[in-house]
Structure formats: structure tokens, C-alpha cells
Amino acid sequence: MTIHMTPRSRINAIIDTVCAQHGVTRRELLGRSRWVKYHDARYTAIEAVLREFPDMPYLRLAQIFKRDHTSIISGLRNRGTWVARSRWRATPEVLVQQNEGATA
């Protein structure tokens, strides 16, 4: 028997798993605190959600994690896991890959 989870329930499962791994509550993870323990757990969860849903907009992530989308981008940049999604802000390597795909 296969159990199908909705995207929202998968996101909740990811958040719950990260909370358990980091020893924080869901309220602490989603709260306003900038304490390193909570911040680290929060961005670990954000990265895990992005791995599961790579096309999820940063605005949607911001809603889920009760942050501004620029805070999400800044946090991911600081951790070295931010990926440009706009053609205009993409790295030269990404632009080359996109152009190669367009001409193939």
C-alpha cells in the first residue's frame, strides 16, 4: 500500500524531522528568535524543503517559515546554498548551461 502525502504534509514532516534532530519545537523554529540554535534549525529545514521542492518560490518559503523572502535569500546566501533563479541574476555558468539547452 502506497501512502500519498500532500505537499503541505510533506513540508510539515520535514519541519517536524528537523525539529526533532535539532532539539527545538516547531514554535521555536518558526519563531522570531535569532538565537543560533533556532536559526541553524530553521535554515536546515528551509534547505530540506528546497531539496524536496526545488522549484518552490522563495516567496512561498517565506510564508511557510514566517519570514520575508529577502531573509530567506540572505540566510541561504550566508550558508552558501542560495541558487539564483532569475536569468538576470544567474551566474555565468548557469547562463552558459541555459544557452546550451536553448540551442540544442
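The values are calculated or read from the model by the stated rules, or taken from the named source; none is laboratory data. Quick caveat, the model's predicted, so the values are computed rather than measured. Glycine gets a Cβ as well: all are built from the backbone with ideal geometry, and neighbour counts include every protein chain shown.
Things worth noting here:
- Scanning segment 41-74 for residues that are of a type outside the set (Val, Ile, Thr), more than 26 Å from residue 5 (Cβ to Cβ) and in a helix (DSSP H, G or I) returns 71, 74.
- Candidate set from segment 1-31 (those that are buried (at least 16 other Cβ atoms within 10 Å of the Cβ) and of a type in the set (Val, Ile, Thr)); member that is farthest from residue 50 (Cα to Cα): 24
- Taking the listed residues 23, 80, the one that is modelled with pLDDT of 95 or more and either in contact with a helix residue (DSSP H, G or I) (Cβ under 8 Å, 6 or more places away or on another chain) or not aliphatic (A, V, I, L, M) (or both) is 23, with no other qualifying.
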